[in-house]
Amino acid sequence: MKFSERIKALFKRSLLSDETFDDLTDLLIEGDIGATLAFSIADELKAVCQKEHISDTEIAKSRLKDLLRPYIVQGSLALDPARLNIVLILGVNGVGKTTSCAKLARWAMLTKFSNAPILAAGDTFRAAAIDQLKIHGQRLGVRVVAQQHGSDPGAVLWDAIDAAKKAGSGLVIADTAGRMHTRVDLLKELEKLDRVVQQKAGDVNYKKILVLDATTGQNAMRQAEIFHGAVKVDGVVMTKYDSASKGGMIISVGRQFGLPTLFLGIGEHYEDFRAFDADLYLEDLIGL
Ligand SMILES: Nc1nc2c(ncn2[C@@H]2O[C@H](COP(=O)(O)OP(=O)(O)OP(=O)(O)O)[C@@H](O)[C@H]2O)c(=O)[nH]1
Ligand SMILES: [Mg+2]
């Protein structure tokens, strides 16, 4: 059952008993909002309900929403129309990085931020990755800058930045290889790539987006900690929100690391991509 449906079911009980609040704690923990926050939110809600003599479960649910809202960090990508924007897409294997690159390129065209974004095939590690991005580029009518399999991702990025400057394109979206957050060598490589962009790119608006898969739950916390620790991430895309029964982990990530959520991936198609809206997310989560 979806998280929101379970919250709904919980509040369908006619009585707000101690058990209700205990069950709420469990449910919030299972929903990945983090144990500490789950306990404190359930306690606060109980206190509010007692103080205000709330017995109506709908009102209690709405108070729950009020209590959770401050913990949801919404952000925007903050692209700069006056400069070249470079967006580096990062994350562990298979979370949806390449798909998100393509979705983001489409989003940039749709919102008229850029009619000619450039995709950089920075995943030179996995054999099929370059072709995968090229196929997206063809479908979307977006130029893809790539080198051979096995080449240096920094060099690919540098090519893409060069091409964007020459073409007057305002936006480079760079795919990167999936790397497990437990592999120190791969993280070092990412730090190097980050330095290359910072040193070589000049006056650009440089953003790093971490892709987190909603179905991985609390493991996302560790991923955020390590990637953010390595290269200072600007925000998060939560993918596969459509296949997750919950999605509370962005609340923990926002609370723990101050990382805003920028977009939600809600399916496999290009259009299954939304700028993150904290209020809508909360309504969906709590099931209002
Ligand atoms: N349901 C759903 N599937 C998604 C979403 N985003 C990506 N996917 C799927 O997840 C799978 C992996 O996506 P990729 O974009 O290749 O992931 P990646 O992070 O680039 O993978 P690696 O390059 O191997 O690390 C594909 O089957 C995508 O269609 C999403 O928001 N919802
Ligand atoms: Mg990929």
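A helix-only calculation puts the chain at -15500 deg cm²/dmol for mean residue ellipticity at 222 nm, using -39500 (n - 2.57) for each DSSP H run of at least four residues, averaged over all residues. Using a simple spin-label model with pseudo-atoms 7 Å out from Cα toward Cβ, GLN256 and ALA155 lie 3.8 nm apart. Each Lys or Arg adds one and each Asp or Glu takes one away; over the other residues whose Cβ falls under 15 Å from the Cβ of THR111, this sums to +1.
For region 84-277, the fraction of 1.4 Å probe accessible surface lying on carbon and sulfur atoms is 49 percent. Using a Gaussian network model of the chain in which every pair of alpha carbons under 10 angstrom is joined by a spring, one finds that among GLY235, GLY265, GLY75 the greatest mean-square fluctuation is at GLY75.
The angle between the Cα long axis of helix 184-200 and the longest principal axis of the Cα atoms of the chain comes to about 60 degrees, rounded to the nearest 10. If R0 is 35 Å, what FRET efficiency do you get for ASP203 and ASP279 from their C-beta distance, rounded to 0.05? E between ASP203 and ASP279, to the nearest 0.05, is 0.50. Solvent-accessible area per residue in the chain equals 45 Å², computed with a 1.4 angstrom probe and all protein chains kept.
Counting only alpha carbon atoms, the long axis of helix 3-12 and the longest principal axis of the chain meet at about 10°. Can you give the FRET efficiency to the nearest 0.05 for ASP26 and GLU268, using r as the Cβ-Cβ distance and R₀ = 41 Å? Computed FRET efficiency for ASP26 and GLU268 comes out at 0.80. Remark on GLY235: its backbone amide H falls under 5 Å from those of LYS208, LEU210, a criterion applied only to residues 5 or more positions apart or on other chains, H modelled at 1.01 Å from N. Summing Lys, Arg as +1 and Asp, Glu as -1, what charge do residues with Cβ under 15 Å from the Cβ of HIS269 carry, HIS269 excluded? Its environment carries a net charge of +1.
On C-alpha positions alone, give me the angle between the axis of helix 219-231 and the longest principal axis of the chain, in degrees, nearest 10. That works out to roughly 40 degrees. Between ARG126 and GLU52, the modelled labels are 4.7 nm apart [label points 7 Å from Cα along Cα→Cβ]. When the GluC sites (Glu not before Pro) in region 19-56 are filtered for DSSP coil states and for at most 15 other beta-carbon atoms within 10 Å of their beta-carbon, the remaining sites are GLU52.
The values are calculated or read from the model by the stated rules, or taken from the named source; none is laboratory data. This one's a predicted model, so the numbers in the text were calculated from it and none came from an experiment. Here Cβ is always computed from backbone atoms with ideal geometry, including for glycine, and neighbour counts include all displayed protein chains. The protein model used for the area step is the full one, side chains on, heavy atoms only, and it has no ligands, DNA or RNA in it. Shrake-Rupley method; radii C 1.70, N 1.55, O 1.52, S 1.80 Å.
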